[in-house]
Amino acid sequence: MGQRRLGAGLAAAVVLAGGLTALAVPAPAIAGASTALNSSTGSNSTVDLHSAVTAKIGQHTSWTDTEVNVMRERPGPTQWAFGAAIAKSPTGDYPDGWLFVAVSDGNGWKVAFEGDHAFPELTAAAPQEVVSKPEKEIFASHGPGTQLTDGDYRTGMRLPYAIGQDWRLTGGPHSDERRAIDLAGGDGKVRSARGGTMYVMCSSNRGWLRVAHNRGYMSDYYHLRNNLTGDGRSVSDGTYLGDIGTDVSCGGSATGPHVHFSLRQGGQYIPIQYHDFGKWQMYNGADPYEGYARHGSTRVNVGGTLNNYGALQLDQGIVDTNGGTTLNKRSGPGSGYAIVGSVNDGATVTIVCSRNGTTHTGRSGNPTSLWNKLSDGSWVSDAFVWTGTRDPVSGWC
């Protein structure tokens, strides 16, 4: 979902020293907002927290059906809280939501959402019973200054199911600005696309999981049944998260069991197009839910199946000969060097370093002089290797 302006009737933000934002909102909570709170105190300070988080939601969206899921609190002269803030679409679209951290010294709550400048700062300062050490390490990459540069589409993620399984691409890039895909089939068991820490976003404790990863990424999994619980749980690449389902506890709709899989960065969903999952890249169609996935020269349209090849590592690439033929490997960075072998379209190659050489044009249509030295010492033109970036993935030779 895109950034939206503060809704009418919500309290204004007050900027405090250090760039933190205190949202001074009087109790009771804003009318129309959900009062779902996973809180053991039920105190006025908790109501104030709910109001402050709800007002913060209003800085991101005009949707007024909101929910505050407080996962952890620490009382005292300085109070801390951590949880999820949810906004439900009035039109039945996919909900939006943010992890948040908040602190109060009795003079109002300072609330930071993932993607805010203050989020890494506050999570680092929070007591470990509110934000654990592994979470602090991951959240260090979730401020706006640590987002990946535009044009780097490497995720290091697999598809969210078992390696080697074939699942159907039931919905191409869709939702607001094409930020998600739908997947179904196989054994129906949804798995983490990459290691990180896991959270149940809805206060119902079902349906919608988020996994926070390093490098500023988060991955979302919606419509699940039998999902894991335990916020802040460490998960690894391939950890079972739940089964495909039709749960809409936080809004939206589902016409059949599937997982709605999406990607976040900088506190918002980002277009899934061009990003790599399980060695497939996603592409938009003319309309939402259309589109296709590509692995080398192989293209699979919506309705087709995607084999999960596992994660493409950040120093690897996928051979794409733009036609399905083999790619010559050379003894040096240019077509004038001797051929020392070949590699099949769709193969995974590991890149040691890169150097400029002769210029070639591949599927993208953009000429490049970049050549990649592979782990066996041979060289291939970067024009025929998908890495997710035009820059060297392992530095210059």
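The values are calculated or read from the model by the stated rules, or taken from the named source; none is laboratory data. Please read these numbers as outputs of a predicted model, since none were measured by experiment. Quick reminder, even Gly has a Cβ in these numbers, built from the backbone with ideal geometry, and neighbours come from all protein chains shown.
Looking only at residues that are part of a loop (DSSP other than H, G, I, E, B) and among the hydrophobic types (A, V, I, L, M, F, W, C) in segment 274-307, which one is nearest to the chain's Cα centre (by Cα)? Steps first, answer last, please.
We begin by selecting, within segment 274-307, every residue part of a loop (DSSP other than H, G, I, E, B); these are 274-275, 278-279, 284-291, 296-297, 302-304.
With among the hydrophobic types (A, V, I, L, M, F, W, C) added as a condition, the list becomes 286, 302.
Working: 286: 23, 302: 21 Å.
Per the criteria, the residue is 302.
Scanning segment 62-97 for residues being surrounded by 15 or more Cβ atoms within 10 Å (Cβ to Cβ) and over 20 Å from residue 209 (Cα atoms) gives a total of 6.
Across segment 357-382, the number of residues qualifying as within 16 Å of residue 336 (Cβ to Cβ) and among the small types (Gly, Ala, Ser) comes to 4. Look at (1) over 16 Å from residue 282 (Cα atoms); (2) surrounded by fewer than 24 Cβ atoms within 10 Å (Cβ to Cβ) and you find that residue 208 fails only one, number (2).
Could you check, for segment 74-84, whether at least one of its residues is among the small types (Gly, Ala, Ser), within 24 Å of residue 200 (Cβ to Cβ), at pLDDT below 50 and not assigned by TED's automatic domain parsing to the domain that holds residue 207? No. Scanning segment 352-382 for residues that are among the hydrophobic types (A, V, I, L, M, F, W, C) and without any contact (Cβ under 8 Å) to a residue 24 or more places away in the chain yields a single hit, 370. Assessment of segment 225-234 against the conditions (of a type in the set (Asp, Glu) and in a strand (DSSP E or B)) yields no matching residue. Conditions: (1) farther than 25 Å from residue 68 by Cβ; (2) surrounded by fewer than 17 Cβ atoms within 10 Å (Cβ to Cβ); (3) at pLDDT 95 or above. Residue 255 meets all but one. Number of the miss? With (1) farther than 25 Å from residue 68 by Cβ; (2) surrounded by fewer than 17 Cβ atoms within 10 Å (Cβ to Cβ); (3) at pLDDT 95 or above applied to residue 255, the lone miss is (3).
Surrounded by 20 or more Cβ atoms within 10 Å (Cβ to Cβ) and of a type outside the set (Ser, Thr, Tyr), is that true of residue 135? Can you show your working first?
Working: surrounded by 20 or more Cβ atoms within 10 Å (Cβ to Cβ): yes; of a type outside the set (Ser, Thr, Tyr): yes.
When the stated conditions are applied, residue 135 passes them.
Taking residues in segment 107-130 that are under 13 Å from residue 83 (Cα atoms), and partners anywhere that are surrounded by 15 or more Cβ atoms within 10 Å (Cβ to Cβ) and of a type in the set (Asp, Glu), the pairs with Cβ atoms closer than 7 Å and at least 6 places apart or on different chains are 123/135.
Within segment 326-340, is even one residue out of contact with any Ser or Thr (no Cβ under 7 Å at 6 or more places or on another chain), in a loop (DSSP other than H, G, I, E, B) and closer than 18 Å to residue 164 by Cα? Scanning segment 326-340, I find no residue that is out of contact with any Ser or Thr (no Cβ under 7 Å at 6 or more places or on another chain), in a loop (DSSP other than H, G, I, E, B) and closer than 18 Å to residue 164 by Cα, so the answer is no. The residue of segment 138-151 that is modelled with the lowest pLDDT, among those that are surrounded by 18 or more Cβ atoms within 10 Å (Cβ to Cβ) and in contact with an Asp or Glu (Cβ under 9 Å, 6 or more places away or on another chain), is 143.
On inspection, residue 210 qualifies as among the basic types (Lys, Arg), in contact with a strand residue (DSSP E or B) (Cβ under 8 Å, 6 or more places away or on another chain), under 23 Å from residue 85 (Cβ atoms) and touching a residue at least 60 places away in the same chain (Cβ under 8 Å).
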